[in-house]
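Read-outs: derived from the displayed coordinates by stated rules, not from any lab. As the structure is a prediction and not an experimental result, all values here were calculated from the model. With ideal geometry, Cβ positions are generated from the backbone for all residues, glycine too; neighbour counts draw on all protein chains shown.
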Amino acid sequence: MPIESHPACVRQFRQILLWPLRLMPVRGSEGQQAKPWQLLADMGEASPWREVVDEYTGGSGRFKERHYNEFVSFLPFVQRFLYGEGRPKGTEATAGSPMRVFRRSDVSAMRAVPHPGAPPMTLDIAHVDLYFFLDVDLVLLYVEVSASDLTLAQAQDLLYRFGRGYPASWDASGNAQHCLLDAEWLGHEGQVLARSDAGQRDIFMDHVSSHRAPRVAAHWAWLLQPLVGDHSGQAGNLRYRQIEYYRMPQLAFLALDNPQALSRADLIRLGLVTGPAASSHDTRLPYAQEHLADFEKRYCYDRFWTDSGAAPNTRYVCTGHTLLVLGDAQSPFFVCPERGVLAQFRHQHFLLFLIAHFQKAALLMFSDRLAEALKNLDITDTASVRRFKRTIRDSFAGFLRFTHRYWFHEVSEQAQVRALFRMCAGHLELDPLYKEVKERIAEMNQYLDADSLRRQANTVVRLTVVTIFGLIGTVTTGFLGMNLLAEAEAPLSRKLSIFAVVFVLTMALTIYTMVKSKRLSDFLDVLSDERASPWQKVKALALVWGRAGD
């Protein structure tokens, strides 16, 4: 039954979760890294995911005006990232696009109980997608839910509790805190497909105790299948690890009866996603006034927060982790799914949010790779050193491809899209993170280059020593073409015997010279030093056959 008109009534509610996860590399039969989306596609009926043939590559009848508006909102290099290059008919649908999308359609709704005593809420599922990216071992889980006629407290509760990968803690009664008390994925006939196990404290604690890694709640783990957690113990080639905080980045769209009537405290609770107040009459700020003094300046884009315009009283709140759009439910343009703010929210706003969080997740992934490479390095093990070098080289090459394909500071010339992307990237601190990762990878690569130069220099020294001492014998035996042994007329067998003896002696002398090349090089340095006394030069020669500790 619809709730009565009230400033705090949320007539339309949409929430989009975007969870970046790191994919662990999968090696193919020839040692090459397999493409994760190809593995998923090859599973066929064993997987609920199907690759999306989007509106840009499908039939022209599916291409709507909102898709056109989405496309032209972005700059050309961003368009190539999102949609790929233009392709003639008859070619592969997604050829040239570095982003691949898979969707599952077996989940139609979610039933959620926010906290003890709260009535269950049923949210419609719009999309459940997986986003893969070429040359980057990441997958982004996308979940979009919608509801209508919610109270403001219910909307705040969903924003605060939905979208947590696992419970943060439990109360004295054993109820999970800060996340949904109960969550169920429902099929098209209303059957329960999977249910949260957030209340089972022991299994989460045992997992962390055993694996030093968090355990993803059962309903999220089920939704990601056949992808499995890397520490879960389940079999599967497509494995993932958490790379960011367990609270999933989110977008939210709220159409209210009278958004200007919201108190500043309610707006702050929505924007910072702090959950509802203790009661509907509680107007206290969630944090200290000094902490929130510049809230509007830091987080709000208020170009349309006015009574005029096509969508009056529209406010955007961007904290990096969250992008919130709220406006007047009575404005046709604000709630229009084809040309209005709702269409922009589901297309332009979502994509700029996806780009920013993809960039952050990719940078964190490169940082993780470097840390793991150093952790696994054993300088006494030749195979470990080779793996370390290969990992660093691969990371350096991957970072170059990421920079030239995915890294950009501007995504659009449209004022609204440009401003929101800058706010999002700024709050996520992408530029400092990029600089830090770039410096770390450059330092690692410089170390490998320096190590290679050192090894080459040592090789040159050894070859020089061998050449110098070999030159003595060569000049001695070949002076004026003189032959020490007149065996020109000797039988062939005698010649071969002499050749074999000389060959063996020369080989042995060369190998011995190589073994002693470091000490012989030190002797040559002292020998060429005019300031060294004859006695010092004799001692340097003696050290060639002395013990290493002498």
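Counted residue by residue at 0.36 nm each, then reduced by the alpha carbon distance between them, the extension gain from residue 297 to residue 45 reaches 85.6 nm.
Annotation for residue 371 and residue 264: the two label points, set 7 Å from Cα along the Cα-Cβ direction, are 3.9 nm apart. For the chain, the longest principal axis of the alpha carbon atoms and the long axis of helix 152-161 meet at an angle near 20°. Extension gain, residue 435 to residue 492: 0.36 nm times the residue separation minus the Cα-Cα distance gives 13.4 nm.
Between residue 177 and residue 382, the C-beta separation translates, for a Förster distance of 60 Å, into a calculated FRET efficiency of about 0.75. Here the range 9-447 is treated as a Stokes sphere of Kirkwood radius computed over C-alpha pairs; at 37 °C and 0.692 mPa s its diffusion coefficient rounds to 141 µm²/s.
Listed peptides 378-388, 327-337 appear in the order 327-337, 378-388 once ranked by packing, highest mean of other Cβ atoms within 10 Å at the front.
Within the chain, what is the longest stretch that has no GluC sites (Glu not before Pro) placed in a DSSP loop and near at most 15 other beta-carbon atoms within 10 Å? In short, 190-289.
For the range 112-245, the spread of Cα coordinates along the three principal axes comes to 43, 37, 28 Å, biggest extent given first. Could you tell me the calculated FRET efficiency between residue 279 and residue 206, based on Cβ-Cβ distance and R0 = 45 angstrom, to the nearest 0.05? FRET efficiency, residue 279 to residue 206: 0.75. Annotation for residue 310 and residue 393: the two label points, set 7 Å from Cα along the Cα-Cβ direction, are 5.4 nm apart.
Across the options 356, 158, 263, the greatest Cα extent toward the positive end of the charge dipole of the chain (unit charges at beta carbon of Lys, Arg, Asp, Glu) belongs to 356. Say R0 is 51 Å: what FRET efficiency, to the nearest 0.05, do residue 71 and residue 521 get from their beta-carbon distance? Efficiency for this residue pair is about 0.20. Along its principal axes, the range 184-335 has C-alpha extents of 58, 42, 29 angstrom, given from the largest down.
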